[in-house]
Structure formats: structure tokens, C-alpha cells
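Accompanying notes for the structure given below.
The values are calculated or read from the model by the stated rules, or taken from the named source; none is laboratory data. From a predicted model like this one, the values you see are computed outputs, not experimental measurements. Cβ sites come from the backbone with ideal geometry, for glycine too, and all protein chains shown count toward neighbours. For the accessible areas, the whole protein counts, side chains as well, though only heavy atoms, and no ligand, DNA or RNA atoms are used. Shrake-Rupley method; radii C 1.70, N 1.55, O 1.52, S 1.80 Å.
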Amino acid sequence: MTIHNVLVVDDSKTELMFLTDLLQKVGMAVRTAESADEALKQLKEQRPDLILMDIVMPGQNGFQLTRSISRSPDYADIPIIICTSKNQETDRVWGLRQGAKDYITKPVRADELRARVQHHLQRMRLLRDLQQLNQQLEVRVRERTQELVQANRLLREEINERRFMQDRLSYLATHDFVTRLYNRDALENHVQQALLRHTAGEPAGSLLVLDLSRFRVVNDTCGYIAGDELLRQVGDLLTALCPGQDLIARLGGDRFAVYAALDSEPALHRAQQIKDAFDGFEFRW
């Protein structure tokens, strides 16, 4: 069972003894102070769960002490009940304005005192439990947020990895591994689409096909690594000779093709340019 600490502030020893006796009978630990200075000293030594405050005291009165305690960040949550004369409505209102949570009239009745004190102690306990629950909730929310951030990061990495793999598979499905040019399937699909557009009325295009004479000699004398390097250089040369809108593909082996959106005469001119460039091409290994 929780034992609550109550601080009773009153300059009358008789009132202190009377109030202490009432509160101790309901299982509360009571400390007393006969002045504001002594009350502040008691606050620093041990934090009370509730303060029962008399108004009339020498030096700093109960209103001033109530205001000082209620405005302190260290003690503002401690409920204060002021003791006032029965017919002094202004005292009760003023005390509440200074920060008191409730009031009790003198002469104090035992049942009313116990009821009001227990009410505020229960309310304070519920508020502290709520604050503790809120703190625990904030911790769980932060932990959950961190978990979600981590999960989202891993999910993004997985999505990016999957997207990269899909892009890579799509690239490999349409490109030649050695030269990084388009492959036969990509060329056939492109030509089919061009034929369909030509049927719909668009201008025709031209397909240039070339092969490397005596390419087998390079493979037989220098090996397939040299042959692959020659194919890569041929691909780079064709890419440099043809505009970006032309589709360049390796058909397999030593055969290449270029599809250009050109009529016959410009296509023949393009083919001659390619042949002239290869006449001056040298492969060194």
C-alpha cells in the first residue's frame, strides 16, 4: 500500500496537531511547518504529495507561498489545498487564482478534510500514471518509428535491387554481351515495328548488313579473347559512325547490322562511309 506524504503549513501548533492526527489516522505520513521559510525548507528535504496550506502566517502568507510553489517548475504539480475562514469567499477565489487546487473552510471537519485530501491524492496519482504511460508510449513510438525507418530502408534497398535486376535482365534480353550493341532479337523487333509503320504510310528505312572478312583468323591465331576485343572495337567504330537514331546490332559471330530511317540513296552513301572507315581500321593485339 502506498503511503502518501502530506505537508501541513500552519502557524498554530494546535491546528498542526489536529490536522496531523486526522491525516495519520487514514495512513498518511505528515510533516509540518509553522512558517513559509520552514515550508520551503521541508520542500527541499522531501517532496510531498500534497500541501495543506493555512492563509494567515507571519512573514510570507499562504497566498504568497502558494503562488511561489505553484509557479516553480520543480513543485508546480503538487496539489495545494488552502484553509480559509468559512465566510471569506474572496479568500477562496484569490487562493485558487494563486495556484491552489482546492480549499477547505475552518473550522475543519474531519470527513471533509479526508475526502478532499484523498480526492486530490488520487487525482495526482492518476496524472502521474498518465504521464508515465505517455512517456512509455513515446518510447514505444520512437522504437516503432525506428523499426519502420529501418524496414522502409531495407524495403527500398530490396526494391532498388529488384529494379536493377529487372533492368539488367531487360538489358541482357535485348543486347549483345560482348559488344554492348543490340542483339538479333532487338533488331528483328525493331524492323517489324518499322514495317508496320511503313504499312501505315510512314517512309521506308534501310537495313545495312556487314561481316568481317577473315575474322576466324584472329580467333585461330590469337584466341577468343582477342576476337572479343576486335568485336568490341568494331562496335565502338559503328557507334561513332552512325547517328544516335540508327539501331546498331550484332547478329552473331562476325556479322553486324545497322537499321537507318533512310531511303536507298542516303543508305548507300552511309554504307560507303562505313566501308571507307573500315578500310583504314587497324586492329592491334
task: Answer yes if at least one residue in region 64-79 is of a type outside the set (Phe, Trp, Tyr) and more than 23 Å from residue 127 (Cα to Cα), and no otherwise.
output: yes
Here the qualifying pairs (Cβ atoms under 7 Å; residues six or more apart or on different chains; first in region 57-84 and on the phi < 0 side of the Ramachandran plot; second acidic (Asp, Glu)) come out as 57/11; 58/11; 62/54; 81/102; 83/54; 84/91
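Among the listed residues 261, 267, 257, identify the single one that is aliphatic (A, V, I, L, M), farther than 20 Å from residue 177 by Cβ, in contact with a Leu (Cβ under 7 Å, 6 or more places away or on another chain) and touching a residue at least 12 places away in the same chain (Cβ under 8 Å).
Selected residue: 267, the only one of 261, 267, 257 that is aliphatic (A, V, I, L, M), farther than 20 Å from residue 177 by Cβ, in contact with a Leu (Cβ under 7 Å, 6 or more places away or on another chain) and touching a residue at least 12 places away in the same chain (Cβ under 8 Å).
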> Is there a residue being outside any loop (DSSP other than H, G, I, E, B), among the hydrophobic types (A, V, I, L, M, F, W, C) and either closer than 26 Å to residue 111 by Cα or open to solvent by 70 Å² or more (accessible area, probe 1.4 Å) (or both) anywhere in region 54-61?
Replying inline: no
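Listed here are the residues, each with its yes/no results for (1) of a type in the set (D, E, K, R); (2) at pLDDT 85 or above; (3) touching a helix residue (DSSP H, G or I) at 6+ places or on another chain (Cβ under 9 Å).
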| site | (1), (2), (3) |
| --- | --- |
| 82 | no, yes, yes |
| 101 | yes, yes, yes |
| 116 | yes, yes, no |
| 122 | no, yes, no |
| 128 | yes, no, no |
Residue count, region 15-42, condition open to solvent by less than 20 Å² (accessible area, probe 1.4 Å), assigned to a helix (DSSP H, G or I) and without any contact (Cβ under 8 Å) to a residue 40 or more places away in the chain, comes to 3
Out of (1) open to solvent by 100 Å² or more (accessible area, probe 1.4 Å); (2) touching a Lys or Arg at 6+ places or on another chain (Cβ under 7 Å), the one residue 94 does not meet is (2)
Filtering region 68-91 down to residues that are out of contact with any Lys or Arg (no Cβ under 9 Å at 6 or more places or on another chain) and over 16 Å from residue 7 (Cβ atoms) yields 71, 73, 87, 88, 89, 90, 91
Considering residues that are in a helix (DSSP H, G or I) and touching a residue at least 60 places away in the same chain (Cβ under 8 Å), the number found within region 94-124 is 8
